[in-house]
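Accompanying notes for the structure given below.
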Amino acid sequence: MADHDVALTVNGEPRRGRAEARTTLADFLRDELGLTGTHLACEHGVCGSCTVLFDGDAVRACLLFAVQAAGHEVVTIEGIAPAPGGPDRGALDPGAPDRGALGPVQQAFMECHGLQCGFCTPGFVVSVSAFLDECSDPTDAQILDGLSGNLCRCTGYQGIVAAVRRAVELRSGALPAAEPSESRP
Amino acid sequence: MKPAPFEYHSPATVAEALALLREHGDDAKPLAGGQSLVPMLALRLTRFAHLVDLNGVGALAGVELQPERLHIGSTTRQRVLERDATVAAAVPLLARAAPHIGHFQIRNRGTVGGSLAHADPASELPAVAVALDAELVVGERTVAARDFFTGTWTTTLADDELLTAAVFPVWSGDVRAAVHEVARRNGDFALAGAAIQVSVDDGRVARAAIALFGLDSTPVRALDAEAALVAGESLAAVAALAVRDVEPNDDIHATGAQRRRIGAAVVERALQEVCGG
Ligand SMILES: Cc1cc2nc3c(=O)[nH]c(=O)nc-3n(C[C@H](O)[C@H](O)[C@H](O)COP(=O)(O)OP(=O)(O)OC[C@H]3O[C@@H](n4cnc5c(N)ncnc54)[C@H](O)[C@@H]3O)c2cc1C
Ligand code: FES
Ligand code: FES
């Protein structure tokens with residue numbers, strides 16, 4: 001079966017690639033575009049690790065075919081917070097320029113131990129970012145409901161729930177707890 | 001796992017979509033939100049040589065308030081039901097049911113028509129359609145919801161037909177609705193659930209619609225319970241009547257007896273919510 005030419009916008013930039021009809025958006029992002037932040041676990045819609053924003057809405061990238069994304073706008077975990085200069089090498093090389101900046105949800109997950117192995121984390125961060133965009137001051141019940149579409153096999157969820165509460169604070173302008181690079185002149 | 005290879009079609013009109021379905025017969029399947037079909041393809045529970053994507057058929061999407069009815073195009077996302085003020089005002093039961101469907105990421109993509117056509121016995125929207133006597137528009141013909149669902153994952157839709165819209169009656173007066181269900185985890189399909197809409201006049205229930213899901217292979221309409229509620233019987237009596245005739249089977253999720261007890265409990269909870277007592 002013929003490949004399709006897929007042109008779309010990913011993290012604000014025009015991208016294109018080839019995909020078989022049956023190639024999911026998640027596989028396309030990972031294998032064709034090299035954006036491996038979108039993780040795949042169950043591949044049938046249950047775990048949420050593949051969550052991306054599709055025209056602004058959080059969706060399962062394993063339940064969309066890449067051909068269906070042609071002409072649409074996708075935001076992956078790589079686009080959730082700007083990471084100028086790529087991976088964070090600051091700890092290894094304090095003089096390196098362009099530490100990747102963390103977005104408020106990422107910062108909150110780090111502060112509150114919202115991750116252990118980190119496999120589920122991209123899906124959680126994308127889902128929580130979309131959730132808080134719509135519900136900026138959630139109750140505890142709303143937080144649990146908002147998290148229900150993502151599975152984590154490590155943390156026991158308490159740290160993740162705390163991270164959502166912390167992200168609410170950070171997004172509303174409270175100061176970040178950790179200031180990374182004070183050793184710089 | 002990955003789906004088996006297929007050919008992808010993206011028609012722009014209903015006529016084009018129907019022509020593709022006619023051409024390829026049972027080798028073709030419509031693709032709406034993909035939230036049920038794609039998992040089944042990925043697990044290789046099913047395979048089709050052709051998928052006909054309905055997402056590019058603009059005419060199928062959208063909600064329109066008409067005199068005394070709400071017309072919902074089949075590819076309208078489930079998320080619209082919970083967000084749209086027109087839906088909440090016109091058919092409160094739809095707005096109450098939607099948040100129970102999976103998770104918000106599922107509802108962002110899953111469609112109203114896909115849920116009805118997929119006809120999972122534990123799904124919320126088929127029960128809402130049966131409770132409210134919705135009319136399901138299948139091209140030229142219109143099917144009453146109670147005749148549309150024929151069994152687990154089975155409807156009267158033929159391979160070359162499309163569900164184009166669902167039309168719900170708009171009740172007048174003081175209309176209240178509630179959906180209660182029990183699921184193992186938040187967002188899972190329900191073990192049993194109840195969808196109830198009433199209109200209240202002068203403190204009394206003047207009109208009632210009650211349907212149960214998860215208790216049989218199709219939604220169960222509880223007509224006797226509705227009559228008892230309007231006649232002023234106790235909520236517990238109405239709940240008992242609602243499950244009187246159901247005999248759910250045992251399965252890996254629950255025994256039939258458990259489902260029946262849960263059914264009565266969720267009917268009573270939903271009644272308490274709408275009757276305020
Ligand atoms: C993790 C998870 C949890 C879920 N939880 C729930 C839940 O609690 N309750 C619930 O109700 N659902 C649940 N779902 C299913 C979800 O609601 C689906 O969206 C819905 O069942 C199917 O709608 P769809 O638009 O995604 O259809 P698709 O998956 O695209 O299609 C489903 C079937 O309907 C057919 N079809 C679709 N549209 C039409 C049409 N217009 N005409 C003719 N045939 C058509 C397709 O050919 C296919 O056979 C869940 C799904 C997931 C992945
Ligand atoms: S990999 Fe997509 S939901 Fe699990
Ligand atoms: S941190 Fe390991 S799965 Fe969530």
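The values are calculated or read from the model by the stated rules, or taken from the named source; none is laboratory data. Quick caveat: nothing in here was measured; it's all calculated off a predicted structure. For neighbour counting, all protein chains shown are included, and Cβ atoms are generated from backbone atoms with ideal geometry for every residue, glycine included.
Kindly establish whether residue A:8 is buried (at least 21 other Cβ atoms within 10 Å of the Cβ) and facing chain B (nearest Cβ under 10 Å).
Details: buried (at least 21 other Cβ atoms within 10 Å of the Cβ): yes; facing chain B (nearest Cβ under 10 Å): no.
For residue A:8, the condition - buried (at least 21 other Cβ atoms within 10 Å of the Cβ) and facing chain B (nearest Cβ under 10 Å) - is not met.
For residue B:207, indicate whether it is of a type in the set (D, E, K, R) and surrounded by fewer than 19 Cβ atoms within 10 Å (Cβ to Cβ).
Values: of a type in the set (D, E, K, R): yes; surrounded by fewer than 19 Cβ atoms within 10 Å (Cβ to Cβ): yes.
Yes: the conditions hold for residue B:207.
Of all residues in segment B:149-192, count the ones that are small (Gly, Ala, Ser), without any contact (Cβ under 8 Å) to a residue 60 or more places away in the chain and in a strand (DSSP E or B).
0
Considering only residues that are in contact with a strand residue (DSSP E or B) (Cβ under 8 Å, 6 or more places away or on another chain) and in a loop (DSSP other than H, G, I, E, B), look in segment A:13-39 and name the one that is farthest from residue B:48 (Cα to Cα).
So, considering only residues that are in contact with a strand residue (DSSP E or B) (Cβ under 8 Å, 6 or more places away or on another chain) and in a loop (DSSP other than H, G, I, E, B), the one farthest from residue B:48 (Cα to Cα) is A:35.
Filter segment A:31-64 down to residues that are more than 6 Å from ligand 2 (Cβ to nearest atom) and either small (Gly, Ala, Ser) or within 11 Å of another protein chain (Cβ to nearest Cβ) (or both), then give me how many there are.
Taking segment A:31-64 and keeping what is more than 6 Å from ligand 2 (Cβ to nearest atom), we get A:31-39, A:44, A:51-59, A:61, A:63-64.
Narrowing further to those that are either small (Gly, Ala, Ser) or within 11 Å of another protein chain (Cβ to nearest Cβ) (or both): A:34, A:37, A:44, A:51-59, A:61, A:63-64.
Of the residues in segment A:31-64, 15 are more than 6 Å from ligand 2 (Cβ to nearest atom) and either small (Gly, Ala, Ser) or within 11 Å of another protein chain (Cβ to nearest Cβ) (or both).
Could you check residue B:95 against (1) part of a loop (DSSP other than H, G, I, E, B); (2) more than 14 Å from chain A (Cβ to nearest Cβ); (3) closer than 25 Å to residue A:147 by Cβ and say which number it fails?
Going through (1) part of a loop (DSSP other than H, G, I, E, B); (2) more than 14 Å from chain A (Cβ to nearest Cβ); (3) closer than 25 Å to residue A:147 by Cβ one by one, residue B:95 breaks only (1).
Quick one: how many residues across segment B:86-122 are more than 12 Å from ligand 1 (Cβ to nearest atom) and either touching a helix residue (DSSP H, G or I) at 6+ places or on another chain (Cβ under 9 Å) or touching a residue at least 60 places away in the same chain (Cβ under 8 Å) (or both)?
Number of matching residues: 10.
Give just the number: which of (1) modelled with pLDDT under 95; (2) within 9 Å of chain B (Cβ to nearest Cβ) does residue A:81 not satisfy?
The single condition residue A:81 does not satisfy is (2).
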